[in-house]
Each structure stands twice: as C-alpha cells, then as structure tokens.
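The values are calculated or read from the model by the stated rules, or taken from the named source; none is laboratory data. A quick note: this is a predicted structure, and the numbers were derived from the prediction, not measured. Quick reminder, even Gly has a Cβ in these numbers, built from the backbone with ideal geometry, and neighbours come from all protein chains shown. Only protein heavy atoms, including side chains, enter the accessible area calculation; ligands, DNA and RNA are left aside. Shrake-Rupley method; radii C 1.70, N 1.55, O 1.52, S 1.80 Å.
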Amino acid sequence: MKAALSSIVPEQQQQDSEFLKDVLEGLGGKIKTLPCKYLYDELGSRLFEDICEVEDYYLTRTEADIFSKNLKDIAFTIGPEALMIEPGAGNCEKVEALLAVLESPKGYYPIDISSEILFQAERRIKRNLPGMQVWSQVGDFTQPDVWDKLARISSRKRVVFFPGSTIGNFELDKAEQLLELFAANLGVGDGLLIGTDLVKDSVRLERAYHDSEHVTEKFNKNILNRINAELGADFDHTLFAHRSFYHQLRQRVEMHLVCLKNHSVSVAGSQVDFLEGETIHTENSHKYSINGFSKLLSKGGFAPICHWKDSAKSYAIHYAQVV
Ligand code: TRP
C-alpha cells in the first residue's frame, strides 16, 4: 500500500505530509516540541550562516582556529590515502584546507540533504584541488542508504569528518546511535574527526545562543513562519519569545519559544492551544568535557586517540578510531 501510494503522490506532497505529521505530533503532546531539522529551510540555513559570524557565537571561529593551528598534526594523525567522509557537509568549506594537506588522499564523500549546495561545493573543490575525487551523496545522513556506495570505493583508510559540534544537537542516546552508525560504515582502525563544544561557564554559553544581534532569535522563530507558509498555519511570532538557557544537569543549552499570552493557533485546520509561559522546545546543544565525550566515543564503538583544544579550552576536536 505504501509503495503504491508513494508512486502516485508527488515527492513534495509526501514531504509536506511528513512535516505536518511531525508538527502536529510535536505540538499535540503535553510538552510541546518541534523537530530541529525543520529549522533549516532556505532562510533558516542562511540565518544559521549568519549565526556563525556573530561575535557572541564563538564555536565556529574557535573550531576554525584550532584547525588552522593544528592542520599538519591533524593530517599526520589521519595518515596517507584516506577517504574523507562528511555527513551533513553543506557547503563543504571546513574540509577543504584539510584535503589540501592530507598525504595522497583517496578522495572525499560528502553527504547532504541539499543537492544544490552539495553539487556547487563539489565543483568548487574539484576546481581548487585538481585531481581530487568526490562522491557526493544527496540524502539524510542518519539514514543507512546514503552510506551504501561506500562499499564500492576501495580505500586504505576511511575517516568520518563531523565538525561544528553537530553531535551536540543529538540527545545522548541518539548521539550514541549516530556514532554506532558511523562505526558500522568504517572498519577497525578507521577514524573519526569530530568537533565538540566544551562545558564552560553558563553566561558565555547562554550568550552564544541568545546573541545581542538577535540572529539566533530570528533563526528560532523562523520555524513558526515556515509552518505558516508551508502548512497553512496562523502563528503570530510576536506572541512568542526566544529563550535559551544552560541546563546544568543535562549539560546542554536548550532553545525554546515561550508563549507570551494564552491563545490558539490553527495548523492545517487543527487547533493548538497555548498557555502563557508554556514553551515549544526547538533545539538542544549538548556540551561535553573531554572525559565525558571519551566515554560516549567508547560506547559508540570508538577508542579516543587524541584531541586538540584552543588556549581558552572552549572547544575540542577529537580523533578516535574504530575498535
Ligand atoms: N551545532 C551547533 C551548536 O550546537 C550549531 C547549531 C545547531 C546551532 N542548532 C543551532 C546554533 C541553533 C545556534 C542555534 O551550537
């Protein structure tokens, strides 16, 4: 039945109905949530790029700094003839400098849901690094199918590259499952190069996710505009406030949209009631200590080998191997 349906329902409609199902499910519970993947439509992705430039958001800058200061050491740790695999590669900008200094790299295997951004990046990489082999995969990296083609590429060593503290956006059990998925697509001795934001004082953390230029606020609220535009809802974003706070016990920054007064919203004909003070939980960003992340790596099937930090110990890039 499902196969028959999917052959007659256009892809866009299928995506819309999944979006609608997720939104109604998320807003229908006692605690309201929205899946963070819907933050990233075209405007959301652009706003996210703006976040990375914001003064208060230190993560992107700090990670880039660690990379540029330790590039040779990182390349040496990875070793020769590596096939670099990047889940959620986006514009593939972070990997380029590394590909340029690796010893005889086998090539690059980026995975991303946006085909346009990916193929544009593939062209740029091939132009900047002549001879580099690139196998772009369009799809959701949490799904096994985008990893399948790896089996056809012979390489001495595979290394998953996962920067940006993206692992922090997964709940702990999901983060472990994701590491397991990575390990399942690698062999013993293959590598993982992964960035994590480190536990630090809550003021600095909270400022990073509630910046004075209000870019993160726009990014968070964009999900409401998107639901309005794509699912025929009537959210008034001025009735919600952006709230980010560091949850000490869970070691994560949580992002919420707080309802400012009692009201109802219509979403594709369904009524959703909001009470003043009630929140929609939209995103988490987990922070790790080096020790805490080493434990997670072990649970996910990796042995931590080494890590690089900035001088203020704000952020870390870890290298681990499949055991
Ligand atoms: N992974 C990064 C982080 O946790 C980027 C990110 C994901 C982000 N979602 C976000 C940044 C929402 C700000 C707001 O920081």
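Inspection of region 16-28 identifies no residue that is in contact with a helix residue (DSSP H, G or I) (Cβ under 8 Å, 6 or more places away or on another chain), open to solvent by less than 40 Å² (accessible area, probe 1.4 Å) and at pLDDT below 90.
Among the residues of region 257-269, which ones are open to solvent by 40 Å² or more (accessible area, probe 1.4 Å) and modelled with pLDDT of 95 or more?
Residues of region 257-269 open to solvent by 40 Å² or more (accessible area, probe 1.4 Å): 260-262, 264, 266, 268-269.
If the condition is that a residue be open to solvent by 40 Å² or more (accessible area, probe 1.4 Å) and modelled with pLDDT of 95 or more, then Leu260, Lys261, Asn262, Ser264, Ser266 are the ones that fit.
Scan region 251-261 and give yes if some residue there is assigned to a helix (DSSP H, G or I) and either closer than 23 Å to Lys287 by Cα or out of contact with any strand residue (DSSP E or B) (no Cβ under 6 Å at 6 or more places or on another chain) (or both), otherwise no. It would help to see each step written out before you state the result.
Restricting attention to region 251-261, the residues satisfying the condition of being assigned to a helix (DSSP H, G or I) are none.
Taking every residue of region 251-261 in turn, none turns out to be assigned to a helix (DSSP H, G or I) and either closer than 23 Å to Lys287 by Cα or out of contact with any strand residue (DSSP E or B) (no Cβ under 6 Å at 6 or more places or on another chain) (or both).
When you check Arg207 against the structure, is it in a helix (DSSP H, G or I), open to solvent by 40 Å² or more (accessible area, probe 1.4 Å) and within 16 Å of the ligand (Cβ to nearest atom), yes or no?
Details: in a helix (DSSP H, G or I): yes; open to solvent by 40 Å² or more (accessible area, probe 1.4 Å): yes; within 16 Å of the ligand (Cβ to nearest atom): yes.
The answer is yes for Arg207.
Out of Ser294, Ser311, report the one residue that is in contact with a strand residue (DSSP E or B) (Cβ under 9 Å, 6 or more places away or on another chain), at negative phi and of a type in the set (S, T, N, Q).
Working: Ser311 fails: in contact with a strand residue (DSSP E or B) (Cβ under 9 Å, 6 or more places away or on another chain).
One residue alone meets the criteria, Ser294.
Where residues in region 146-172 are surrounded by fewer than 15 Cβ atoms within 10 Å (Cβ to Cβ) and more than 15 Å from the ligand (Cβ to nearest atom), which of them is farthest from Tyr315 (Cα to Cα)? Going through the qualifying residues, I end up with Arg152. Taking each residue of region 215-243 that is outside any helix (DSSP H, G or I) and looking for partners that are modelled with pLDDT under 95 with beta-carbon atoms closer than 6 Å, six or more apart or interchain, yields Gly232/Ala268. Got at least one residue in region 64-76 being in contact with a Lys or Arg (Cβ under 8 Å, 6 or more places away or on another chain), buried (at least 16 other Cβ atoms within 10 Å of the Cβ) and not in a helix (DSSP H, G or I)? No. The set of residues in region 29-59 being within 16 Å of the ligand (Cβ to nearest atom), modelled with pLDDT of 95 or more and touching a strand residue (DSSP E or B) at 6+ places or on another chain (Cβ under 7 Å) consists of Thr33, Leu34, Leu59. Inspect all residues belonging to region 104-126 and state whether any of them is away from the ligand (no atom under 16 Å from the Cβ), touching a Cys at 6+ places or on another chain (Cβ under 8 Å), in a strand (DSSP E or B) and not aliphatic (A, V, I, L, M). Looking through region 104-126, at least one residue is away from the ligand (no atom under 16 Å from the Cβ), touching a Cys at 6+ places or on another chain (Cβ under 8 Å), in a strand (DSSP E or B) and not aliphatic (A, V, I, L, M).
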